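*Asks:* First the structure, which I've put down as structure tokens, then a few questions once you've had a look.
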């Protein structure tokens with residue numbers, strides 16, 4: 001299924017996320033045993049923006065990273081961008097109790113391959129579990145580089161591949177056998193959670209992603225492996 005999407009991948013991915021939006025956060029917590037929240041804290045901790053900085057959170061989904069940014073940097077602003085309106089609507093309640101959030105967070109329906117912002121607009125950029133879903137990873141990275149101010153950091157959270165054989169075997173067994181079953185029960189969308197392991201298996205290694213970041217212009221590129229290498233946080237500076 002995944003390998004046959006071709007030019008319809010954007011439409012497929014949008015429809016898939018629209019279908020699971022209401023259960024997306026619940027499934028994330030279950031799949032990661034609650035660790036996804038700590039990973040997002042790592043992302044924001046690596047951001048290092050000015051206290052009143054402006055951040056773009058590309059493919060914000062239900063806004064978990066965007067919320068972490070404005071909690072960590074009390075005077076910051078976030079442009080939370082995604083191409084699936086249903087996902088953003090499902091996450092808006094997370095900001096209701098945060099002081100001034102309606103002025104500090106703007107939800108924008110937009111394309112990761114053509115960000116609707118001028119060059120050198122943002123102090124920082126984040127993206128989480130998004131690059132597997134775009135049709136052109138280099139273009140998405142270039143857009144993030146383009147809208148960053150010189151010296152700004154881009155921090156990316158993505159699924160990766162464990163380096164140790166025993167961990168890798170358990171990881172892929174869990175992804176291909178347990179996750180689709182759990183996704184079908186919780187969300188009623190087993191196909192969506194079959195796409196997840198397929199897209200993860202087809203995705204770049206941490207080293208390959210770092211190389212792509214360097215190729216579009218990021219410097220001081222490095223990455224951190226988390227959860228035995230199941231995910232990686234990449235950092236690059238413009």
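Quick note: the coordinates plus some simple rules give every number you see, no bench work behind them. Note that this is a predicted model, so its numbers are computed, not measured. Cβ sites come from the backbone with ideal geometry, for glycine too, and all protein chains shown count toward neighbours.
*Asks:* Among 175, 122, rank each residue by its count of other Cβ atoms within 10 Å, from fewest to most, as a rough exposure measure.
*Replies:* In increasing order of surrounding Cβ atoms, one gets 175, 122.
*Asks:* Oh, and also: Using only Cα atoms and rounding to the nearest 10 degrees, what angle (0 to 90) does helix 9-20 make with the longest principal axis of the chain?
*Replies:* 80
*Asks:* Sort 97-106, 207-216 by the packing proxy (mean of other Cβ within 10 Å over each peptide's residues), most packed first.
*Replies:* 207-216, 97-106
*Asks:* Taking other Cβ within 10 Å of each residue's Cβ, how do 8, 123 sort, fewest first?
*Replies:* Starting with the residue having the fewest Cβ neighbours, the order is 8, 123.
*Asks:* Right, here's the next one. If you restrict to DSSP beta bridges whose two residues both lie in region 2-237, what percentage is antiparallel, to the nearest 5?
*Replies:* 40
*Asks:* Right, another one. Exposure proxy check: 25, 136, 64 ranked by fewest other beta carbons within 10 Å?
*Replies:* Going from least to most buried by this count: 136, 25, 64.
*Asks:* If you don't mind, there's one more thing I want to ask. Give me the percent of DSSP beta bridges within region 100-238 that run antiparallel, rounded to the nearest 5.
*Replies:* Once the DSSP bridges in region 100-238 are tallied, antiparallel ones form about 70 percent.
*Asks:* Something else: Report the extension gain between residue 117 and residue 173 in nm, rounded to one decimal, defined as 0.36 nm multiplied by the number of residues separating them, less their alpha carbon distance.
*Replies:* That works out to 16.0 nm of additional length.
*Asks:* Another one. Given that just one value was derived from the coordinates, which of [x] 26, 21, 17; [y] 40, 19, 15; [z] 32, 18, 17 is semi-axes √(5λ) of the Cα gyration tensor in Å?
*Replies:* Among [x] 26, 21, 17; [y] 40, 19, 15; [z] 32, 18, 17, the one calculated here is [x].
*Asks:* Would you compute, from DSSP H runs of 4+ residues alone, the mean residue ellipticity of the chain at 222 nm, taking -39500 (n - 2.57) per run and dividing by the full residue count, rounded to the nearest 500?
*Replies:* -12500 deg cm²/dmol
*Asks:* Where in region 11-40 does the amide nitrogen come within less than 16 Å of the point 7 Å from the Cα of residue 202, taken along Cα to Cβ?
*Replies:* Correct set: 11-17.
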